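These notes are about the structure you will find just below.
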Amino acid sequence: MRVILLCGWLTHDDSPLWRLLMSWSPCLVRVSDETGLQELRLGHPLVDRYLAFVGARLRVNSWLAIAFDLKVFFTIVDLDPLEVDTSAVFAFLEAQRAPRRGPRIVRLEDGEHGLSARTIRRRLSSVAGLFDFLTVQGLVSRNPVPRGTLARKRRDRDRRGRALIRVPRILPRILTPHEVDRLSAALRTHRDRAMIQAMVLGALRRCEVLGLRLEDIRPGEHRVFIADGKGGHQRWVPVSARFFATLAAYLESERPKTDTNRVFVVLKGPRRRQPLTAAGLDEIVSGARARAGLRHITCHQLRHTCLTRLREAGMALEAVQAQAGHRSIESTRIYLHLSREWLAEEYRQASDRIDADLRATLDDPDGQV
């Protein structure tokens, strides 16, 4: 066996002793300081190098998700990254699809026994990203994650593959106006009401609510500035006057004096005056949901509810896209399906036109259809 350290990379010859020395048990280690998460490690030099690479390019949540996905993958396949082949990937896929709650229990939404197709696809994407990285570095000859079966050849374009994991399109659940009222009534502070209203009246994402700064608020214009939205994109978002009234009550009577410029901070406990975290906001929503006697509610459902109501009220799809901060109009088209009243009205108008044309034809037998 020979081990060569070349620019931080380990190369080896294929010997049993090397495989014994390189057997590893992935353990996710987080290194943080006062500014936040600084480093993620799983205990293998190649995987840790990849995590450092993506950590400089992605948001913290995406970085953590990739690290966890790789931990799950290598825990199940129990191989060194350089030994992973396509058969190991398919074995991982089979393990992810194995029944979680018994062979006779399936989810109603997609009929599957194991993890959801979205979760499996995300994990395979994380694994594929690692091996794309290793391929570019010349450490593996090809990516062992299959790209899917051949679908068709497009004219003057490269061949395109169909996805390895078929993900059913499931419409997200939205809240009724009565449920929104019950949730709002169960909130205990102006701060909590302002955060919920930012999502249910302005369609802000959870991270966008928590990221609001004092200088981002424009009460005279009834809008807020999203300085760091999804993908690092910025935008101005109009929000109802109700939100600004609640926000003013929070800033005047509840928000403690603090050095942070974040709008929403912790009100009680050892973290008082510090910016509220995602876990803290989730806990607030969960507690209000339980007190209101409602089913499972998430921050994203509040955002879906707002965008759906805006579309039902006649807001143009392009305007809904701008409000949501979607980069592609295709992401916004789901609200066409969520807007039941809009679709019913469109169908009624089209049906009335068809009936009118049919009556005109019957009244004029000599006419041509």
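Observations, loosely collected:
- Highest-first packing order for the peptide set 46-53, 181-188 is 46-53, 181-188, based on the mean count of other beta carbon atoms within 10 Å.
- Of interest is the spacing of the C-alpha centroids, which for the range 47-104 and the range 198-220 amounts to 34 Å.
- Accessible area ranking (1.4 Å probe, heavy atoms, ligands and nucleic acids excluded), largest first, for His233, His326, His337: His337, His233, His326.
- Here the simple spin-label model places points 7 Å from the Cα toward Cβ, and for Ala356 and Gln38 these points are separated by 7.0 nm.
- Note on surface exposure: Ile76, Ile66 rank Ile76, Ile66 by accessible area, highest first, 1.4 Å probe.
- Heavy atoms of Asp85 accessible to a 1.4 Å probe, total area in Å² rounded to 10: 70 Å²
- Mean Cα-pair separation over length for the range 171-312, i.e. relative contact order, pairs under 8 Å, 6 or more apart, %: 34 percent
- Label-point gap, in nm, between Glu345 and Glu252 - each point 7 angstrom along Cα→Cβ: 3.7 nm
- Per residue accessible area of the range 182-281, 1.4 Å probe, in Å²: 50 Å²
- Taking label positions 7 Å along the Cα-Cβ direction at both Ser125 and Ser331, the computed distance is 1.1 nm, reported to one decimal.
- Length gained on full extension, Cys27 to Thr298, computed as 0.36 nm times the residue gap minus the Cα-Cα distance: 94.6 nm.
- Length released on extending from Glu83 to Arg59, taking residue separation times 0.36 nm less the Cα-Cα span: 5.7 nm
- In the context of the full protein assembly, Lys230 retains an accessible surface of approximately 130 Å², using a probe radius of 1.4 Å and ignoring ligands and nucleic acids.
- Per-residue accessible area (protein heavy atoms, 1.4 Å probe) orders Trp236, Trp63 as Trp236, Trp63, starting from the largest.
- Accessible surface of Cys299, taken over heavy atoms with a 1.4 Å probe and every protein chain present, rounds to 10 Å².
The values are calculated or read from the model by the stated rules, or taken from the named source; none is laboratory data. Everything numeric here is computed off the predicted structure, so don't read it as measured data. Backbone-built Cβ (ideal geometry, glycine too); neighbour counts: all protein chains shown. Heavy atoms of the whole protein, side chains included, go into the accessibility calculation; ligands, DNA and RNA do not. Shrake-Rupley method; radii C 1.70, N 1.55, O 1.52, S 1.80 Å.
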